[in-house]
Amino acid sequence: MADLVIQELKTQVPGLARFLTTPSLPGQSDSSESTANRPLMAYVGTFSSPLGDVPPTQVDLPEGNGRGIHLFEVDRESGVLKAAGTFDLGSSPDCLVINAARDRLYSSNETDRFGEAKQGSVSAFAIDPVDGQLTLLNTVASEGDGPTYVSIHPSGRHLFVANYFSGSVAVLPILPDGRLGEATDVKKDTGTIGPTEATHAPPGSFAISGHDGSHAHMIEADPSGRFVLHVNLGLDKIFVWEFDASTGTLTPNDPTSVDLPAGDGPRHFDFHPNGRWLYSIQEEGSTVTLFDYAPSGGQPNSRQTVSSLPAGFAGSNFCSEILVSHDGRFLYAGNRLHDSIGIFAIESDGSLRQVGNEWTRGNYPRSFNFDPSGRFFYVCNQRADNVTVFRIDRDSGLLEFTNHYAPVGNPSSITFVDLAARDDSVQLLRRVSVPEAHQAVAVDESSFFAISNRTIVQYDKQTGKRLVKWVAPEGSWIKHLNSGIVKEGRLYCANSNWPAKPLKNSIEIFDAVSLKHLDSKPFSESEGAINWIDRHQGAWWIVFAFYGEAEVRRTKLVRYDDQWNETGEWTFPESVIQRFLPKSNSGGGFGPDGHLYVTGHDHAELYLLDVPDNGGELKHVSTLPAPIAGQGIAWDFDTPGRLLGIVRASREVVFMRVIRAK
């Protein structure tokens, strides 16, 4: 069965084949040595296929000089781009985004028709981990005309697309293998079109391209993932949505939107790393606006508006991109026609102070980006058919031209993947379809156990054959089995009745062969929910989880002796708490290397932690991308370094190998 599963994955996702092996991996070499020699890759989206049926006011209609997605190897010392091929889609992949694991790329494709409708499309690609080349996974409808922006939800399970010409946004599910599914939600903006003369337009400006209709220009989740924001240039609004990550649907927030000055035309926005300041750039008003952002309610409140141009400028200008530097000290704003980058220092209160304005050495800078190190700055000059490279002064934020131009026809966006920095320490071994893979998985020498609230099913570890099933009796106190471990022939499962009140927690004990229920150990802790249990260094370890922005920091790891007396208590570091939000710690266990590995509820990540001897705060060592989506995990000590987890959305048990945990 394992061979069949592996072959199926190779067929569906060719770029994943190099990570798939048989379930048993004795003597397999560690690939980390070769990782250091892998290149830093740049991917440039372009306008490659001219659009025919567009409004006459669309002043920046490109010629279509690109050849799809252009690939480059980046010299880490000089920033120079060396051509490494193209991937031609036959359409215009104008916006590119990379997932957190850096193994998938997604593009919005402007095309006159897709299927039977006048609409664009979105494509998914696998990124080869050695040379960065792309393999097309699939292409689906964007559910709107003129897709111009794509972004990924922090959970990694949904992609958002803004359709410019139809004034709509859509949510597309990202399937477990990285392909895209059909839209789970589509919203079409309504409202009053703003005036063609911008409130803050420079003297003599004729920048009126966007106020001929409703134009959704950008969509992105806030850092918590609870809210999704999108701009509509023609309506002069930023819309705010509550996002349900379980269904992939958008619900209007309260308030539903925030207004920008009439005619100014919001185009893009970017969050400060602290998540509390939001900066929006207005295409026709040539302004940047600072908003104080309330993460708990998703409300932006404007506080400052400044010009993106140097003092005294007169004439037409169209703003484009806006980015905050990695360290949060500087902001960069793109000016088309003036062909410059406005550079701003971010003061201690978030307000902006212009410190420079750098010529892009090209024509019509549509977008720009930082390399992963934050030392270089790359500008896509749409009409000049080139990408120009600048070095960033870390102290002043100013840009210094490197004298390097990379020829690219009608470049529209650029993004990067450092293949040397990509963490391959968690390798996918095998996926098994298991209907009960809902909360967690446990494992012993011969079996694995799928855990789903009130149900446990035992499966043969090698063949995947279902062996024994246990279901909680009607009226049982067992409500929410969250995780499990097998020790000395017994299966210990964490159980709570969360979110009911009063909260009741227990450890439920089963015979690991027959699944006969043997015993129950209740806990007096009445606030946090027991989410997982482990046995390590002669002690029991249990996590009591608290949920939500106000409570999650109370989540704690507690150690007990064999008489269930508490002997230690630890809290989680803020860096991990931020990844748990808006939920909490879901799974965990001590690996064979002695480190603690934990998960949240949604992210495809493992958080590697050190446990100080005398309590206090756990130390966040690293974050490891993993082919799961949070939930309960279990170490298979029968095979060194093997870890099991689940993907709830696809009902799969996933076998992984953690190289460092051998």
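In the chain, which longest range has no GluC sites (Glu not before Pro) that are both DSSP loop (not H, G, I, E or B) and surrounded by at most 15 other Cβ atoms within 10 Å? Write out the running numbers ahead of the final one.
On the way: sites that count: 63, 77, 116, 182, 197, 347, 445, 474, 488, 527, 549, 551.
Excluding the exposed sites themselves, the longest stretch runs over 198-346.
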*For helix 2-12, what angle does its Cα long axis make with the longest principal axis of the chain, in degrees from 0 to 90 and rounded to 10?*
10 degrees
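Using only Cα atoms, figure out Rg for region 341-408 and give it as a multiple of 2.2 N^0.38 Å.
On the way: Rg = 12.5 Å, N = 68, 2.2 N^0.38 = 10.9 Å.
Relative to the rule-of-thumb radius for its length, region 341-408 sits at 1.15.
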*Lys and Arg at +1, Asp and Glu at -1: add these up for the other residues within a Cβ distance under 15 Å of residue 349 and post the number.*
+2
*Sorted from largest down, give the three principal axis spans of the alpha carbons of region 462-556, whole angstrom values.*
44, 37, 25
*For region 515-662, taking Cα atoms only, what is the radius of gyration to one decimal and the Dmax to the nearest whole Å?*
14.9, 41
*So who's got an amide H within less than 5 Å of the one on residue 468, skipping anything under 5 residues away but keeping other chains? H placed 1.01 Å off N, in plane.*
458
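If region 398-540 were replaced by its equivalent ellipsoid, with semi-axes equal to the square roots of 5 times the Cα gyration tensor eigenvalues, what would those be, largest first, whole Å?
Working: eigenvalues 406, 90, 49 Å².
Its equivalent ellipsoid spans semi-axes of 45, 21, 16 Å.
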*How big is region 240-342 by the Kirkwood estimate over distinct Cα pairs, in Å?*
14.7 Å
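Taking Rh as the Kirkwood radius computed over C-alpha pairs, what is the Stokes-Einstein D of region 113-177 at 4 °C in a medium of viscosity 1.567 mPa s, expressed in µm² per second? Can you show the working numbers first?
Details: Rh = 12.7 Å.
The calculation lands on 102 µm²/s.
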*Using θ = phi - 60° and the Karplus relation 6.51 cos²θ - 1.76 cosθ + 1.60, list the HN-Hα couplings for region 226-241 in order, rounded to whole Hz, with x at every Gly or Pro.*
6, 10, 10, 10, 9, 9, 10, 5, x, 8, 6, 9, 10, 8, 10, 10
_Listed residues 215, 326 arranged by accessible area, highest first, probe 1.4 Å_ = 326, 215
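Report, in deg cm²/dmol and to the nearest 500, the calculated mean residue ellipticity at 222 nm for the chain, where each DSSP H run with n ≥ 4 adds -39500 (n - 2.57) and the sum is divided by the residue count.
Counting only the DSSP helices, I get -1000 deg cm²/dmol.
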*Separation of region 106-139 and region 612-662 by C-alpha centroid, Å?*
31 Å
*asked:* Report the Rg/Rh value for region 306-361, based on alpha-carbon coordinates and the Kirkwood definition of Rh.
replied: 0.97
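For region 431-536, state which trypsin sites (Lys or Arg not before Pro) are in a DSSP loop and have at most 15 other beta carbons lying within 10 Å of their beta carbon.
465, 479, 516
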*Under 5 Å between amide H atoms, partner at least 5 residues away or on a different chain: which partners does residue 453 have, H built in plane at 1.01 Å?*
439, 481
*Whole-Å semi-axes of region 532-597's equivalent ellipsoid (Cα gyration tensor)*: 22, 14, 9
*Taking 1 over the mean of 1/r across every pair of different Cα atoms in region 432-486, what Kirkwood radius in Å do you get?*
11.4 Å
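Using a 1.4 angstrom probe, figure out how much accessible area region 108-251 has per residue, in square angstrom, rounded to the nearest whole. The partial results should precede the final answer.
Details: 4780 Å² over 144 residues.
Using a 1.4 Å probe on heavy atoms only, each residue of region 108-251 averages 33 Å².
Counting other Cβ atoms within 10 Å of each Cβ, which chymotrypsin sites (Phe, Trp or Tyr not before Pro) in region 547-626 have at most 16 and sit in a DSSP loop? Present the calculation step by step, with values, prior to reporting the outcome.
On the way: sites: 547, 560, 564, 570, 580, 590, 597, 607; in loops: 547, 564.
Of the chymotrypsin sites (Phe, Trp or Tyr not before Pro), the ones in loops of region 547-626 whose Cβ has at most 16 other Cβ atoms within 10 Å are 564.
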*What list of ³J(HN,Hα) couplings, whole Hz, do you get for region 370-387 from phi and the Karplus terms 6.51, -1.76, 1.60, once you set θ to phi - 60° and write x for glycine and proline?*
8, 6, x, 6, x, 8, 10, 10, 10, 10, 8, 8, 4, 7, 8, 6, 8, 10
*asked:* Once the cut-off is 18 Å, how many percent of the Cα-Cα pairs in region 492-533 end up in the long-distance tail?
replied: 28 percent
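Remind me, what semi-axes does region 65-135 give for its equivalent ellipsoid, largest first in whole Å, using sqrt of 5 times each Cα gyration tensor eigenvalue? All intermediate terms of the calculation are to be shown ahead of the outcome.
Values: eigenvalues 130, 41, 19 Å².
Largest first, region 65-135 gives 25, 14, 10 Å.
Which number comes out as Rg/Rh for the chain once both Rg and the Kirkwood Rh are worked out on C-alpha atoms?
Working: Rg = 26.1 Å, Rh = 26.2 Å.
Taking Rh as the inverse mean 1/r over Cα pairs, Rg/Rh reads 1.00.
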*Would you mind checking which residues have amide H under 5 Å from residue 409's amide H? H placed 1.01 Å from N; only 5 or more apart, or other chain.*
67
_Could you tell me the extents of region 150-189's C-alpha atoms along the three principal axes, largest first, rounded to whole Å?_
30, 18, 12
_Along its three principal axes, how long is region 325-468 when you only count alpha carbons? Whole Å, largest extent first please._
70, 41, 25
*Under Karplus coefficients 6.51, -1.76 and 1.60, residue-wise ³J(HN,Hα) of region 69-78 in Hz, glycine/proline x*: 8, 9, 9, 9, 8, 9, 6, 5, 8, 9
*Could you pull the Rg and Dmax for region 408-450, using just the Cα atoms, both in Å?*
19.7, 58
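From the convex hull of the Cα coordinates of region 47-184, what is the mean projected area in square nanometres?
Details: hull surface 36.9 nm².
About 9.2 nm², averaged over all directions.
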*Over region 196-269: Kirkwood hydrodynamic radius from C-alpha pairwise inverse distances, Å*: 13.2 Å
*Can you tell which of 159, 142, 184 lies farthest toward the positive end of the dipole of region 105-229, using +1 and -1 charges on the Cβ of basic and acidic side chains (Lys, Arg; Asp, Glu)?*
184
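Suppose every Lys and Arg Cβ carries +1 and every Asp and Glu Cβ carries -1, with no other charges. What dipole size does the chain come out with about its Cα centre, to the nearest 20 debye?
Working: 57 positive and 80 negative charges, 260 e Å.
Dipole of the chain, to the nearest 20 debye: 1240 debye.
The values are calculated or read from the model by the stated rules, or taken from the named source; none is laboratory data. Just so we're clear, the structure is a prediction, and the values are computed from it rather than from any experiment. Note: ideal-geometry Cβ built from the backbone for every residue, glycine included; neighbour counts use all protein chains shown. Please note that ligands, DNA and RNA were not included when accessible areas were found on the heavy atoms of the full protein model with its side chains. Shrake-Rupley method; radii C 1.70, N 1.55, O 1.52, S 1.80 Å.
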